[in-house]
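Some notes on the structure that comes next.
The values are calculated or read from the model by the stated rules, or taken from the named source; none is laboratory data. Only a predicted model underlies this, so the values are computations on that prediction, with no experimental measurement involved. Please note: Cβ atoms are built from the backbone with ideal geometry, for glycine as well, and neighbour counts cover all protein chains shown. Please note that ligands, DNA and RNA were not included when accessible areas were found on the heavy atoms of the full protein model with its side chains. Shrake-Rupley method; radii C 1.70, N 1.55, O 1.52, S 1.80 Å.
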Amino acid sequence: MKAKRGTFGYIATRKRGVILWTVCLVGIALAIYIVGLLLNKMSYRNVFTVAAVLFVLPIAKQLVALILLFPYHSVPQDRYQKVMDRLPQGVELFTDLVITSSEKVMHLDFVVVGQRQVIGLLGDGKQQLSDVRPYLTKGVHNWGSDYKVKIVDSEKIFLQELQKIDPVDVDPEEEALVKSYLTSLIV
């Protein structure tokens, strides 16, 4: 089952999928190589060997995704439900975000988007607010004007920020662009 980016359990589901896909690709590459050996009197100099070697590229891509996701874990059900229960009207919750930039890999447990606000909660790990905040702020401001971006490192502060969200007039097209941007960042 394929999980959508930003949904509950995405990291765990993605890890399982990447591992399964990698094992399948390795199996296919080995099968092609062995068939080539058998058809060519145990000589590795054949087109089957070339085809098997080309399977290294998608295998490497899957391994990179696995290496990126490996240190991170999905949010537990009780924490997810606690945030869902306190979610105000007109906002959307994204969870299990692993975001890459050219300098860093960033992990956020939750990001709430709506009412011209983006509020995020850092995940566990050795990451600094000073790295995540400017990166997301710059990106969100490219897609949505007048959006306030707040990234916090405490669940208590995150839940307090959720309570402060007031309904405002929003451009649905602009909000969809901001949500799409955030979704596109997720590994």
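Listed here are the residues, each with its yes/no results for (1) closer than 26 Å to Val64 by Cα; (2) at pLDDT below 90.
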residue	(1), (2)
Gln115	no, no
Gln127	yes, yes
Pro134	yes, no
His141	no, no
Tyr147	no, no
Glu155	no, no
Leu162	no, no
Ile165	no, no
Glu174	no, no
(request) State which residue pairs qualify: first residue over 23 Å from Asp124 (Cα atoms) and inside segment 138-159, second residue of a type outside the set (Val, Ile, Thr) and part of a strand (DSSP E or B) in any location, beta carbons under 8 Å apart, and separation of 6 or more residues or different chains. (result) Tyr147/Gln117; Lys148/Gln117
(message) Going through Asp78, Asp85, Asp169 one at a time, which residue ends up being out of contact with any Leu (no Cβ under 8 Å at 6 or more places or on another chain), farther than 26 Å from Thr13 by Cβ and open to solvent by 10 Å² or more (accessible area, probe 1.4 Å)?
(response) Asp169
(request) Taking the residues in segment 88-108 that are open to solvent by 10 Å² or more (accessible area, probe 1.4 Å) and acidic (Asp, Glu) as candidates, determine which candidate is farthest from Phe158 (Cα to Cα). (result) Glu103
(request) List the number of the failed condition for Ala51; all other conditions in (1) open to solvent by less than 50 Å² (accessible area, probe 1.4 Å); (2) within 25 Å of the chain's Cα centre (by Cα); (3) more than 24 Å from Leu136 (Cβ to Cβ) hold. (result) (2)
(message) Looking at the structure I just gave you, is Leu66 open to solvent by 30 Å² or more (accessible area, probe 1.4 Å) and in a helix (DSSP H, G or I)?
(response) yes
